[in-house]
Every structure is written in structure tokens, then in C-alpha cells.
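> Before I ask anything, here is the structure I am working with.
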Amino acid sequence: MRIGAHVDSAEPLVEAAARGADAVQFFLTDPQGYKSPVPRDDAEQLRASEVDIYIHAPYIVNVASPNNRIRIPSRKLLMAHAKAAAEIGGKGLIVHGGHVGSGADLADGFTNWRKAFEYAAKDGGLPLPVLIENTAGGDNACARRFDDLARLWDAVGEFGAGFCLDTCHAFAGGEDLTGIVDRVKSITGRIDLIHANDSKGGFDSGQDRHDNLGNGKIDPELVVAAIRAAGAPAIVETPGGADGQTADIALLRERTGG
Ligand SMILES: [Zn+2]
């Protein structure tokens, strides 16, 4: 079982070693900004490393948006990040499911997602898997409720979209973690990555507030069960720096049996 952590982007391999991580996830740019990634000095080391590399797209990327001043830069940014992530040997680019905003029609969000994949195909194709992540909040989100996720997958499944299951987002988003892997797989057919996080917010609170495993509102056994059932790599996006994340990784390793 490959288990790792979301870390600072400056020296991801040093951060991985500090946590005993088999995998790392990081941002290539400010997650709140529209800057395109620049080539990294450590590209060669990252490509050659035994540590699996995952890249998280900026939070502001929202390819579902009905507003073309958000949607079009989001598409371009997603493609720029995909290319830069592939350049450093990334195994996947994680992007949030996005939302259409209050009063808008969610159907437009699914259509816009489809267009994002079509745009990428015209622009030379995605050089690595894009993993769409479920989100915790909002009533007009494309990938919060799993009945909406099913509609999203009707739109994007044929393009080979991947899926990242965040346990905090699922719980806070109102999806029961018991048996969740089977429910997701019946929709997407795949889980490429688990974001193994506890939740400070309660069930269906809509709050995206991660906590260390066992410290929040989620029974850690449900997180462990999800990782085992999915057979997918897991990344903790938990607080407490190297100490907090090392403990979370150790807990998952011990309870998943490796
Ligand atoms: Zn996440």
C-alpha cells in the first residue's frame, strides 16, 4: 500500500523522507492564483525518485463554471498544470469537481466538464490522468453528492477521467463512509487515489476542515476500510506538519497491514 502526504512544494522529496512517505502531493503554484507553473530545478530528481508524485491543481480552477472569465482560464490552467505535472513524472493531477454557483443549472456544470476534456483532447491530449476529487461544500457542486457525481461521470467517463476520493469531503459532504468504495466504483468504475483525512466538521456539515486521523468526527477504521477496499494509494492532507502527518501515515500503514 503506497501511503504519503500533501507537502510543501519547495523540497517534496525531503518532506517525503521526513514522514516515511511513499508518495507526495504538492502544488506547482500558489493554489489561490492563476499563475502557470514554471519548470522545476528538481525535475530530474522527481522523475527518478521512488516516491510517487501527485500534483494538486490550484483551488481556483473551476472548469464547471458558467462564467467564461473563470471557466476558460481554468481550462487553460488545468492543461498547463497537466503538462508541468507530467514533466516531473507525476502519476496524476488532482482537481476539485467544481461548482456552478447559486441559482445556476448544475447540468451546465457537467457540460462544461465535458468541454474541458474536449479542449484538452484538441490541445494534444492529457499527458497524465486527471483525477476529479469529490468536494465537501456547496449545494451546486458537481462532485459533492454522489447522485450528481453519476451525472458528471455520464459526461466525462468516456474521456478516461480518474477519481480521487477524499474521506473528509465525503463525510462532511453528506455521503456515508460505510461501503463508500463500492458506491463510488459503481459510478466511476475506478478510484485512483484516496485523500485520507479526518473531518473537524460533522456529517453533512459542508465544512472542508481536515483533521488528523482519530482527532475529528470520523472513525479511523472507516478510512482504513476505504483504503483497503479501493486498493489505491493514499495521501493524508492533514495538519500538524511532519509530526502530525508522520503519525497519520504510521496509523494507516499499521492498520492496512503494510
Ligand atoms: Zn483532498
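None of the figures in this text is laboratory data; all of them are computed from the coordinates on show. All values derive from a computational prediction rather than experimental measurement. A quick note on method: Cβ atoms are made from the backbone with ideal geometry, for glycine too, and the neighbour counts reach across all protein chains shown.
> Setting aside same-chain residues fewer than 8 positions from K122, which lysines have a Cα under 24 Å from its Cα?
K122 reaches K35, K76, K83, K91.
> Over the chain, what lengths in whole Å, largest first, do the semi-axes of the equivalent ellipsoid take, defined as the square roots of 5 times the eigenvalues of the alpha-carbon gyration tensor?
Listed largest to smallest, the semi-axes of the chain are 26, 23, 16 Å.
> Mind putting a number on the dipole of segment 1-148 about its Cα centre? Charges go on the C-beta only, +1 for Lys and Arg and -1 for Asp and Glu, and I need it in Debye to the nearest 20. Let's see the in-between values first.
Working: 16 positive and 19 negative charges, 105 e Å.
Dipole magnitude for segment 1-148 comes out near 500 debye.
> Straight distance only, please: which aspartates and glutamates reach the Cα of K115 with their own Cα at less than 15 Å, same-chain residues fewer than 8 apart left out?
Partners found: D123, D154, E158.
> I need the semi-axes of the equivalent ellipsoid of segment 75-222: take the C-alpha gyration tensor, multiply each eigenvalue by 5, square-root it, list largest first in whole angstrom.
Numbers: eigenvalues 132, 63, 37 Å².
Over the Cα atoms of segment 75-222, the semi-axes work out to 26, 18, 14 Å.
> Related question: Relative to a virtual label point 7 Å from the Cα of Y119 in the Cα→beta-carbon direction, which members of segment 61-90 show backbone nitrogen distances below 18 Å?
Counting backbone N atoms under 18 Å from the label point, the list is 61-85.
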